[in-house]
Amino acid sequence: MSHFTDLDAYLFGQGTHYDIFRKLGAHPGTVNGQKGFWFDVWAPHAKEVHVIGEFNGWDEQAAPMSKISPEEIGVWECFIAGAKKGQMYKYLIHGSNDQNLYKADPFAEYAELRPGTASRLWTTDGFKWTDSSWLKERADDTPYYEKPLSIYEVHLGSWMRHPGTDDDGFYTYRELADRLVDYVADMGYTHVELMGISEYPYDGSWGYQVTGYYAPTSRYGTPQDFMYLVNAFHTKNIGVILDWVPAHFPKDAHGLADFDGEPLFEYSDPRKGEHPEWGTKIFDYGKPQVKNFLIGSAINWVENYHIDGLRVDAVASMLYLDYGKEAGQWVPNKNGGNENLEAIEFFKHINSLMTGRYKGFLMIAEESTAWPKVTGNVEDDGLNFSYKWNMGWMHDFLDYMQLDPFFRKDNHNRMTFAMSYNEYEKYILVISHDEVVHLKKSMIEKMPGDEAEKFANLRAGYAFMMCHPGKKLLFMGQEFAQTHEWSEKWELSWYELENPRHRGMQNWVKKLLHIYRKYPSLWQQDINWNGFEWINANDSYRSIFSFIRKSKDGKKNILCVVNFTPVAYPDYRVGVVSTQKHELILSSDEPEYTGDTEPQQKKRKKKSFTPERKPCDGRDYSIGYPLPAFGVALFSFDYDV
């Protein structure tokens, strides 16, 4: 009798065992009337393997494993009667060079809290999901790229913490469900992206050096606690995206590196199998079993945890054999090029599988180069990702925003260039955690000018981002203009919300997010010119941008005007494409956004503008209104019938 069958062995050897996480690892079972756990581990180079744990007093001889047929697959197995859920264990692997290795289970569903490194016996059953309505809506017939997508990127361990505690002060997954979920829903985001959920040993890696690809980190609770958090998000109609790291893994002794005494999960040639810059190992994408391990991880997050998308980290490092390497540190492919052909095929396989099998599921690439067709169809030799992070837009945007307004006129194209390539990919505009750490400064501290000007600049920048084609991502804390850089060591500076300007910024971002969700013109036609039109892309001298976002039905279109200088225009005139009334739906100089405490003019601000037959910006009709310094104005209008 065996838990791992001949069919399992065949499919695993082909790299197509999509239920591999139900076979490898530790799973409850009954043998000869005795309850316990089956243990199955892939270690083809090992001479011997034993299971050691709390159930046998960590006796290194108590539970030898047998290599099951066919032996060339390299799977070892045993059943341990009396082993119980929650007990810790490891594999003792006697390698080909007679070394003893104490390894955590690569397929473990739960892990000991760091600094401990053992795996825990667990099961992912027993949780009662109540998110069927969300899952049904996710899988509707509307193309995913015609839906709104505004993402709040979150590091759970530093979003908020318990004050004055002796331990880390982390909120548990369930406590976060009571706090974070309501906050994200109230702000108006459609999704969260969670950093550092797959188990990892070192807090300072933020979860990007993973040792447990199937286990939610024990820092915040059990797997069922994590399910509770995901379910809570779904009941508030918020999707959950996980950061996922198939690019590399750390060399920690209990992890995947040299797992059975020799390179197994990594390429054997260090020129292919190691990142010299990061000090990590690179997965061997040519091995069917390794690809199966990674694909199984992705499927596990969907089927067991109802995750709605994966943001794939460091895609460029997988695509290029010479990424971060000097001459002599890498090996060309069979054609003499620097492309990792095996990683390319892996992406085509996993992206087609995940988006085809789970309708509405998102595969998102953090790809920092100009690799073509990242979101293109496999049939057209594309990688078939759902979206790509627009790193080019992000760099241009931040470079422009950090300039003294006097010099912006000479860098006007930084804010218009992204539209020249917008149709090439399906993009997400991102301001992620990477942009507010390591002396890069927080978003508010990147802005030029005095305090009031910094806030006005940032309001203008966020409005431009929210109205520009592309889905959205903003890292936590930047929505209320946190002053200091982010660190995983402490919580966000929520106390700053006592300052009216920080509270005003939070109100501003919240309003932008709710407008974004309300008006289909801002997300329905992101990927082509049908949804966008410049009114004036060339007003560099005044550093003012005006453009239109269009809906499919011609209703509730948005005219966006953004002024990136401290010069106010009491009667600014902008060309329009419709003679219908233009309703002012957002103005950046309202006290609820600026935090101003000075008495405001009692005169009621005009909200409705009828276009006049006064040519402007190459259009026959225009409207005039007061545009403040660093001012933003959004107008809603319908096209002429």
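One line per residue, one yes/no per condition, for (1) surrounded by fewer than 21 Cβ atoms within 10 Å (Cβ to Cβ); (2) part of a loop (DSSP other than H, G, I, E, B); (3) not basic (Lys, Arg):
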| site | (1), (2), (3) |
| --- | --- |
| Phe37 | no, no, yes |
| His45 | yes, yes, yes |
| Ile52 | yes, no, yes |
| Phe55 | no, no, yes |
| Glu60 | yes, yes, yes |
| Glu72 | yes, no, yes |
| Trp76 | no, no, yes |
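I'd like the residue in the range 316-340 that is under 18 Å from His248 (Cβ atoms) and aliphatic (A, V, I, L, M) and, out of all such residues, is surrounded by the most Cβ atoms within 10 Å (Cβ to Cβ). Among those that are under 18 Å from His248 (Cβ atoms) and aliphatic (A, V, I, L, M), it is Met318. All conditions but one from (1) of a type in the set (A, V, I, L, M, F, W, C); (2) in a loop (DSSP other than H, G, I, E, B); (3) farther than 26 Å from Glu262 by Cα apply to Trp278; the one that does not is (3). Checked against (1) under 22 Å from Gly356 (Cβ atoms); (2) assigned to a loop (DSSP other than H, G, I, E, B); (3) of a type outside the set (Val, Ile, Thr), Met318 meets all criteria but (2).
Assessment of the range 387-397 against the conditions (over 30 Å from Ile344 (Cβ atoms) and either in contact (Cβ under 8 Å) with a residue 12 or more places away in the chain or buried (at least 22 other Cβ atoms within 10 Å of the Cβ) (or both)) yields no matching residue. The condition of being more than 24 Å from His17 (Cβ to Cβ), surrounded by fewer than 22 Cβ atoms within 10 Å (Cβ to Cβ) and at pLDDT 95 or above does not hold for Asn304. The helices (runs of 4 or more DSSP H) found entirely in the range 100-214 that carry 2 or more residues being of a type in the set (Lys, Arg) are 132-138, 173-187. Would you check if Asn422 is in contact (Cβ under 8 Å) with a residue 60 or more places away in the chain and crowded, with 22+ Cβ neighbours inside 10 Å? No: the conditions fail for Asn422. Condition first: farther than 29 Å from Asn338 by Cβ, part of a loop (DSSP other than H, G, I, E, B) and modelled with pLDDT of 95 or more. Can you find one or more residues in the range 408-416 that meet it? The answer is yes; a qualifying residue exists.
Scanning the range 335-351 for residues that are touching a strand residue (DSSP E or B) at 6+ places or on another chain (Cβ under 9 Å) and farther than 18 Å from Thr369 by Cβ returns a single hit, Ile350. Within the range 418-440, restricting attention to residues that are outside any loop (DSSP other than H, G, I, E, B) and charged (D, E, K, R), the residue that is farthest from Gln402 (Cα to Cα) is Glu423.
Looking at the range 441-550, the helices (runs of 4 or more DSSP H) lying wholly inside it that each contain 3 or more residues that are among the aliphatic types (A, V, I, L, M) and at pLDDT 95 or above sit at 451-467, 500-518.
Taking the criterion of being at pLDDT below 95 and touching a helix residue (DSSP H, G or I) at 6+ places or on another chain (Cβ under 7 Å), no residue of the range 127-167 qualifies.
Screening Ala108 with (1) among the hydrophobic types (A, V, I, L, M, F, W, C); (2) within 14 Å of Phe259 (Cβ to Cβ); (3) modelled with pLDDT under 95 gives one miss only, at (3). Take the conditions (1) out of contact with any Asp or Glu (no Cβ under 7 Å at 6 or more places or on another chain); (2) within 18 Å of Ala452 (Cβ to Cβ); (3) in contact (Cβ under 8 Å) with a residue 40 or more places away in the chain; Trp523 misses just one of them, which is (2).
The values are calculated or read from the model by the stated rules, or taken from the named source; none is laboratory data. These figures come from a predicted structure and were not determined experimentally. Cβ atoms come from the backbone with ideal geometry, glycine included; neighbour counts cover every protein chain shown.
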